[in-house]
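Asker: To start, I am sharing the structure in question, which I have written as structure tokens.
The values are calculated or read from the model by the stated rules, or taken from the named source; none is laboratory data. Since the model is a prediction, treat every value here as computed from it, not as a measurement. Positions of Cβ are backbone-derived with ideal geometry, glycine not excepted, and every protein chain shown enters the neighbour counts. With ligands, DNA and RNA removed, areas are computed over all heavy atoms of the protein, side chains included. Shrake-Rupley method; radii C 1.70, N 1.55, O 1.52, S 1.80 Å.
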Amino acid sequence: MGALLSLIAGFASGETAAALRRARLAAIAYGLAGVAALCGIGFLIGALHIWASARYGVLEATLGFGIGFLVIAGLILLIFRLGAGSRARRRRRRRTADMTALGATAALAALPALLRSRAGPGLVLGPAFALLAYAIYRENARPRRPPMDTEED
């Protein structure tokens, strides 16, 4: 409730509009700086190509630049593909944690109403015992790793 009042007070005082204006100006400034940086990098690559053309020849320099950029593109794709598995695992863990938190929140929200009803304690304690039993089962049913073979000479 306090966050809602703070949000309403922010709207009323104009603080939110000022914050949005500052964010928009920052985005424009960073965008223009990014465009200028890309132009600078383009000119540096052009200058490097001119230097390589004078030293090695136009065809050789152009072939070298083309092959070099293709190698860079391949390395970027390779690194992206190698990281895809860890990103998928991270998303899966986050989704599981979010669903667990959502379930716990829903259960805690329903708990007072269940406890006030006539069958409430039974409805609460039954699933709680089932959850406890499942946790004990999972703890004891994990596959054991065989001990490392240590050969004595």
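Asker: Specify the residue that is modelled with the highest pLDDT; the eligible residues are those in the range 90-105 that are hydrophobic (A, V, I, L, M, F, W, C) and open to solvent by less than 100 Å² (accessible area, probe 1.4 Å). Show your work before the answer.
Answerer: Residues of the range 90-105 hydrophobic (A, V, I, L, M, F, W, C): 97, 99, 101-102, 104.
This time we only want the ones that are open to solvent by less than 100 Å² (accessible area, probe 1.4 Å), so: 97, 101, 104.
Numbers: Ala97: 82, Ala101: 78, Ala104: 76.
Of everything passing the filter in the range 90-105, Ala97 is modelled with the highest pLDDT.
Asker: Closer than 30 Å to Pro127 by Cα and either surrounded by fewer than 10 Cβ atoms within 10 Å (Cβ to Cβ) or in contact with a Cys (Cβ under 7 Å, 6 or more places away or on another chain) (or both): is that true of Leu108 in this structure?
Answerer: Working: closer than 30 Å to Pro127 by Cα: yes; either surrounded by fewer than 10 Cβ atoms within 10 Å (Cβ to Cβ) or in contact with a Cys (Cβ under 7 Å, 6 or more places away or on another chain) (or both): yes.
Spelling it out, Leu108 is indeed closer than 30 Å to Pro127 by Cα and either surrounded by fewer than 10 Cβ atoms within 10 Å (Cβ to Cβ) or in contact with a Cys (Cβ under 7 Å, 6 or more places away or on another chain) (or both).
Asker: Would you check if there is a residue in the range 8-18 being assigned to a helix (DSSP H, G or I), surrounded by 11 or more Cβ atoms within 10 Å (Cβ to Cβ), touching a helix residue (DSSP H, G or I) at 6+ places or on another chain (Cβ under 7 Å) and modelled with pLDDT under 95?
Answerer: yes
Asker: Given the conditions (1) open to solvent by less than 90 Å² (accessible area, probe 1.4 Å); (2) modelled with pLDDT of 85 or more, which single one is not true for Ser117?
Answerer: The one condition Ser117 does not meet is (2).
Asker: Out of Arg138, Arg81, which single residue is modelled with pLDDT of 80 or more and part of a helix (DSSP H, G or I)?
Answerer: Numbers: Arg138 fails: modelled with pLDDT of 80 or more.
After ruling out the rest, the residue left standing is Arg81.
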